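Here is the structure we will look at.
The values are calculated or read from the model by the stated rules, or taken from the named source; none is laboratory data. Treat the numbers as computed from the prediction; the structure is a model and nothing was measured. Heads up, the Cβs are rebuilt from the backbone with ideal geometry, glycines too, and the neighbour counts pull from every protein chain shown. The protein model used for the area step is the full one, side chains on, heavy atoms only, and it has no ligands, DNA or RNA in it. Shrake-Rupley method; radii C 1.70, N 1.55, O 1.52, S 1.80 Å.
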Amino acid sequence: MNHAARRIGRTLALVLPVVLVLSGTLAVTRVPWASPSAESQILTASSDRASTHATHRAPHELLRDRLLAELQEKNPSVALTHLQAATAERPSLARHCASIARALGRAAVAKYGGVSRAQAYARPVCDTSFASGTTQAYR
């Protein structure tokens, strides 16, 4: 009896991993949620629709774009406050602070149509980069 139990155990030890691997592989190759019109779709590595060009944007670019949009919606003071908070929260953004502040300064001049009105919002965020950006936009 002991010999039969060992033999069954060995057989299961060899067969069970193979069955699990095959069933798992078959389970992940069928993805019914990929297309609502298809009943099921086979996912292959050589798919023609596979995305090879991922668009990864740097955190400072995302922050700059968000702050420029915020400047257009509200005012430069709000955008500068959020820039200061973002650089305090993530020190890795500090090296991009000056360029973002200059971009905000140029956008403020474009929004308000003049340097003097845009410079009214100048604050000592990233030294004087915002004011520098307003004068660059004027030239």
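For the range 98-128 versus the range 1-22, the inter-centroid distance based on Cα atoms is 73 Å. Taking every protein chain into account, the accessible area of the range 56-122 amounts to 55 square angstrom per residue (probe 1.4 Å).
Simple spin-label estimate for Glu73 and Val19 gives 5.6 nm between the two label positions (7 Å along the Cα-to-Cβ direction from each Cα).
Converting phi to 3J(HN,Hα) with the Karplus coefficients 6.51, -1.76 and 1.60 and the offset θ = phi - 60°, the range 88-102 yields 6, 6, 10, x, 5, 7, 4, 5, 9, 4, 4, 5, 5, 5, 5 Hz in sequence order, with x at every glycine or proline.
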